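The values are calculated or read from the model by the stated rules, or taken from the named source; none is laboratory data. For clarity, every value in this text was computed on a predicted model and none was experimentally measured. FYI the Cβ positions are ideal-geometry reconstructions off the backbone, even for glycines, and counts take in every protein chain you see.
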Amino acid sequence: MTERSAPRPRVLAEFDRLLSSAQSPQCGPQPSGALWRLEEAERQLDANLIRLPPNHRVELHREPDVDVLLVVLSGDGAVHTDEGTLALAPYVVLWLPRGSQRALEAGPGGLAYLTTHRKRAGMRIRLPSDPEALRRLEAREEEGEGGEPACLLPRLCPECGAPRGSSGQACPTCGAEPAR
């Protein structure tokens, strides 16, 4: 069995090159959306370099699960929140707490920004918290054929409850090492 080596620090992207090539006339229409994403397998963080063309919008939405840090890299625009409108310009750092509502609007020069937040957890196995729903689930399992269902507890991370890959590996969600 081969062991995976630990992730190592390294340069992943050069945003000035990505942004300048996205704004180059040779590229045709200016691309919008994610120009770059952090995609490392062992990460505990999500990050995206986003570019909005001039006068484009990201419609009103709410992020229910994670805080988001937004750093403006170029261009200008505004973010519309429950609290009002905030101006966006290069090097502005904006905190969007989880649960907050926001819409982004690029100005006449477009808008490029980096967002970063904790990596969202994958699917989790959770029992219902309502006692009646739990009782119905248990009754349904007892009526089923084939005996008891397989116990998946050894395959769940004791720290965050997320399913692990094979035993002996660190949790892909929170990074917790398996008990030795």
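Do we have R135 as modelled with pLDDT of 70 or more, assigned to a strand (DSSP E or B) and of a type in the set (D, E, K, R) here? Working first, answer last.
Numbers: modelled with pLDDT of 70 or more: yes; assigned to a strand (DSSP E or B): no; of a type in the set (D, E, K, R): yes.
Criteria not met by R135.
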Q.
Can you tell me which condition D65 does not meet? The list is (1) within 20 Å of A34 (Cβ to Cβ); (2) surrounded by fewer than 16 Cβ atoms within 10 Å (Cβ to Cβ); (3) at pLDDT 95 or above, and all the others hold.
A. (3)
(Q) Which residue is modelled with the lowest pLDDT, if the candidates are limited to segment 17-36 and must be surrounded by 14 or more Cβ atoms within 10 Å (Cβ to Cβ) and outside any loop (DSSP other than H, G, I, E, B)? (A) A22
Q.
Test of understanding: among L69, L60, which residue is over 30 Å from C157 (Cβ atoms) and touching a residue at least 12 places away in the same chain (Cβ under 8 Å)?
A. L60
Q: Within segment 91-119, count every residue that is surrounded by 14 or more Cβ atoms within 10 Å (Cβ to Cβ) and either in a loop (DSSP other than H, G, I, E, B) or among the hydrophobic types (A, V, I, L, M, F, W, C) (or both).
A: 11
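I'd like the full set of residues that are more than 15 Å from T115 (Cβ to Cβ) and of a type outside the set (A, V, I, L, M), limited to segment 63-79.
Our first condition is that a residue be more than 15 Å from T115 (Cβ to Cβ); within segment 63-79, this holds for 64, 76, 78.
Within segment 63-79, P64, D76 qualify.
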